[in-house]
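S.K.: I'd like to ask some things about the structure below.
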Amino acid sequence: MSKYKATIGLEIHAELKTNTKMFCDSKNDPNEREPNTHVCPICMSHPGTLPVINKKAVEHVCKVGVALGGKIADFTEFDRKNYFYPDIPKGYQISQYKFPLVSGGTLNNVEITRVHLEEDTARSTHKGDESLVDFNRAGIPLMELVTEPVIHSAEQASAFARELQLLLRTLGVSDANLEKGEMRIEANISISDTEEFGTKVEVKNLNSFRSVERAIAYELKRHEKVLEEGGEIVQQTRGWDEGKQETFGQRIKEGAAEYRYFPEPDLPKLQLSEIPELAEEVLKKSLPELPSEKRKRYEDLGMKPEDVTDLVASLERARFFDAVIEKLQAPEKIKRAVNYLTSDIAGYYNEHSDKVEFETLTPDAFADLIEMVCEDKISSRGAKDILRVLLEDGGEPEQVAEEKGLFQVQDAGALKEVVLEIISENEGVVEEYKNGKEASLQFLVGQGMKKTKGAANPGLLKEAILNEIG
């Protein structure tokens, strides 16, 4: 048990889904592979050009703020954040400093300091001694969320980031794919053995949730080692080397004064209370069911916590499941649907990661399959076989069951021939059962299921066997 208390705050950037960039009409297309295609004189900062605020981007951030329970600003403005780097064509970034769009709020029991809006930078690529800059990303609307320094473990930090990604996707404001750079996480980390905060180190551009956990865990151990050896922590910015699984120094951390913030003179101040569609009541009505609300609804259905977590974490699976719930209604049927969804269906898509989820399997077909199982028209084994076909090729479960002979034989008389064969082939097992070995009966039932390729009703098959052997 360490004597030091870890204190962590997160800064998370997410590119917003809009048709155009933040201050011009160049296309916002994160999937564009041809460099420097979606650029114009405004986002390239040619002399004499003027920016114009993207209203949809402002609405997106305000929607996030309402979902977090934060305070939407009445007055807000943009500022110039001055620094020189090849990926900033203007020599400054248009951001927000003193008057962010959103203040306060909570998510996953972590308090939020602020959420503000800015423009993204260009993308730099380094090849040997050569550096190339692609300005397609320059000027894309970028939301930045800053937490309070109230996180105390790497796991808690990662859990918060996952929940934020899920929220952004649920709201439809960002795809927030870390692997594409649409969501970038920075962690401010310090440790202390007193009530005072320790010296803060920032680890930048963590591009996976696993990297977030590992980088924070590494930094906490590094800080502790430095202090135990009598050294001092240097306030700096560090990067994360995924290959070496360690952080490395980049530069001494800048303070706000070094950015020389001042209000952006080319953009108007915003009085959000004067914009009807940004009123808090209007934004609240536009919100979909939030992840926390969905969890509560699923828990009320009596679902296991791990199943709730699995379904809520995937928007596609949750939408599919909700459509199935609407059709099945009955709790027992829904429970059975969950079992297939979280085991067979989830397992199939994990094995076939190249497949688009639910492209062939429809909620109606899946619900019909569950109905067939519950009505004993097919066995659970038969259901799995039918489900595999539906996942591969689509179709209707009844038609698949008919084609593959998977409907259960419900007539005890029709099973007599199969039962007589089983008894004839397993006389020793029959004698074992007659001598009191109960497991032998289950073996005989299994043999019958095998002979009928799962088409027999196990209960009726068992009854037919008992009738014959007395």
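The values are calculated or read from the model by the stated rules, or taken from the named source; none is laboratory data. A quick note: this is a predicted structure, and the numbers were derived from the prediction, not measured. Every residue, glycine as well, gets a Cβ built from its backbone with ideal geometry; the counts of neighbours run over all protein chains shown.
S.K.: Looking at segment 276-294 only, could you name the residues that are farther than 30 Å from Asp307 by Cα and in contact (Cβ under 8 Å) with a residue 12 or more places away in the chain? Outline the logic, then answer.
M.R.: Taking segment 276-294 first, the residues farther than 30 Å from Asp307 by Cα are 276-283.
Glu277, Leu278, Glu280, Leu283, listed by residue number.
S.K.: Those residues that are assigned to a loop (DSSP other than H, G, I, E, B) and over 28 Å from Gly70 (Cα atoms), I need them from segment 108-150; list them, please. Let's see the steps before the verdict.
M.R.: Going residue by residue through segment 108-150, those that are assigned to a loop (DSSP other than H, G, I, E, B) are 108-109, 120-122, 128-129, 135-140, 148-150.
Selection gives Ala122, Gly128, Asp129, Phe135, Asn136, Arg137, Ala138.
S.K.: Output the residues belonging to segment 387-402 that are more than 29 Å from the chain's Cα centre (by Cα), of a type in the set (D, E, K, R) and surrounded by 13 or more Cβ atoms within 10 Å (Cβ to Cβ).
M.R.: Passing the criteria: Glu396, Glu398.
S.K.: Please go through segment 86-107 and pick out each residue that is part of a loop (DSSP other than H, G, I, E, B) and either in contact with a Gly (Cβ under 9 Å, 6 or more places away or on another chain) or within 28 Å of Gly65 (Cα to Cα) (or both). Break it down into steps so the answer makes sense when it comes.
M.R.: Narrowing segment 86-107 to residues part of a loop (DSSP other than H, G, I, E, B): 86-91, 96-101, 104-105.
Within segment 86-107, Ile88, Pro89, Gln96, Tyr97, Lys98, Phe99, Pro100, Leu101, Gly104, Gly105 qualify.
S.K.: Pull up segment 261-305, narrow it to residues that are of a type in the set (Ser, Thr, Tyr) and assigned to a helix (DSSP H, G or I), then point me to the one that is surrounded by the most Cβ atoms within 10 Å (Cβ to Cβ).
M.R.: Step one: filter segment 261-305 for residues of a type in the set (Ser, Thr, Tyr), giving 261, 273, 286, 292, 298.
Applying the additional criterion that residues be assigned to a helix (DSSP H, G or I) yields 273, 286, 292, 298.
Details: Ser273: 13, Ser286: 12, Ser292: 14, Tyr298: 23.
Looking at the filtered set, the residue picked out is Tyr298.
S.K.: Counting only residues that are of a type in the set (S, T, N, Q) and outside any loop (DSSP other than H, G, I, E, B), which one in segment 1-46 is nearest to Tyr92 (Cα to Cα)? Even if it seems obvious, please write down each step before you answer.
M.R.: First pass over segment 1-46, keeping only residues of a type in the set (S, T, N, Q): 2, 7, 18-20, 26, 28, 31, 36-37, 45.
Remaining after also requiring outside any loop (DSSP other than H, G, I, E, B): 7, 20.
Details: Thr7: 31, Thr20: 20 Å.
Across segment 1-46, the extreme among qualifying residues is Thr20.
S.K.: A further question follows. Taking the residues in segment 194-228 that are touching a residue at least 12 places away in the same chain (Cβ under 8 Å) and assigned to a loop (DSSP other than H, G, I, E, B) as candidates, determine which candidate is farthest from Ile252 (Cα to Cα).
M.R.: Per the criteria, the residue is Ser208.
S.K.: Glu254 - would you say it is at pLDDT below 95, in a loop (DSSP other than H, G, I, E, B) and under 29 Å from Ile94 (Cβ atoms)?
M.R.: Details: at pLDDT below 95: yes; in a loop (DSSP other than H, G, I, E, B): yes; under 29 Å from Ile94 (Cβ atoms): yes.
Yes.
S.K.: Of the numbered conditions (1) under 27 Å from Gly9 (Cβ atoms); (2) in a loop (DSSP other than H, G, I, E, B), Thr49 fails exactly one; give the number of that condition.
M.R.: (1)
Here's the yes/no breakdown for (1) over 29 Å from Leu460 (Cβ atoms); (2) surrounded by fewer than 19 Cβ atoms within 10 Å (Cβ to Cβ); (3) not hydroxyl-bearing (Ser, Thr, Tyr):
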| site | (1), (2), (3) |
| --- | --- |
| Thr309 | yes, yes, no |
| Ala323 | yes, yes, yes |
| Leu328 | no, no, yes |
| Ser353 | yes, yes, no |
| Glu359 | yes, yes, yes |
| Met372 | no, no, yes |
| Arg381 | no, yes, yes |
| Asp385 | no, yes, yes |
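S.K.: Just the residues that are within 19 Å of Ala122 (Cβ to Cβ) and under 36 Å from the mean Cα position of the chain (by Cα), please, taken from segment 42-59.
M.R.: Passing the criteria: Ile42, Cys43, Met44, Ser45, Pro51, Asn54, Ala57.
S.K.: If I filter segment 67-80 for residues that are crowded, with 16+ Cβ neighbours inside 10 Å, within 25 Å of the chain's Cα centre (by Cα) and either farther than 30 Å from Glu195 by Cα or without any contact (Cβ under 8 Å) to a residue 24 or more places away in the chain (or both), do I get at least one hit?
M.R.: Yes: segment 67-80 contains one or more residues that are crowded, with 16+ Cβ neighbours inside 10 Å, within 25 Å of the chain's Cα centre (by Cα) and either farther than 30 Å from Glu195 by Cα or without any contact (Cβ under 8 Å) to a residue 24 or more places away in the chain (or both).
S.K.: Which residue pairs have Cβ atoms closer than 6 Å, lie 6 or more positions apart in sequence or on different chains, and pair a first residue in segment 93-104 that is farther than 21 Å from Ser273 by Cβ and modelled with pLDDT of 95 or more with a second residue that is in a loop (DSSP other than H, G, I, E, B) and among the acidic types (Asp, Glu)?
M.R.: Qualifying pairs under 6 Å: Ile94/Glu264.
S.K.: Answer yes or no as to whether Ser45 is among the hydroxyl-bearing types (Ser, Thr, Tyr) and modelled with pLDDT under 95.
M.R.: Values: among the hydroxyl-bearing types (Ser, Thr, Tyr): yes; modelled with pLDDT under 95: yes.
Spelling it out, Ser45 is indeed among the hydroxyl-bearing types (Ser, Thr, Tyr) and modelled with pLDDT under 95.
S.K.: So, one more: Return yes when Ser158 is touching a residue at least 40 places away in the same chain (Cβ under 8 Å), in a loop (DSSP other than H, G, I, E, B) and among the small types (Gly, Ala, Ser) and no when it is not. Outline the logic, then answer.
M.R.: Values: touching a residue at least 40 places away in the same chain (Cβ under 8 Å): yes; in a loop (DSSP other than H, G, I, E, B): no; among the small types (Gly, Ala, Ser): yes.
No; evaluated as a whole, the condition is false for this residue.
S.K.: For segment 148-157, give me each residue that is touching a Gly at 6+ places or on another chain (Cβ under 9 Å) and surrounded by fewer than 24 Cβ atoms within 10 Å (Cβ to Cβ).
M.R.: Within segment 148-157, Glu148, Pro149, Val150 qualify.
S.K.: Related question: Is it the case that Ile191 is touching a residue at least 12 places away in the same chain (Cβ under 8 Å), hydrophobic (A, V, I, L, M, F, W, C), part of a strand (DSSP E or B) and farther than 30 Å from Lys17 by Cβ?
M.R.: Values: touching a residue at least 12 places away in the same chain (Cβ under 8 Å): yes; hydrophobic (A, V, I, L, M, F, W, C): yes; part of a strand (DSSP E or B): yes; farther than 30 Å from Lys17 by Cβ: yes.
Judged against the criteria, Ile191 is a match.
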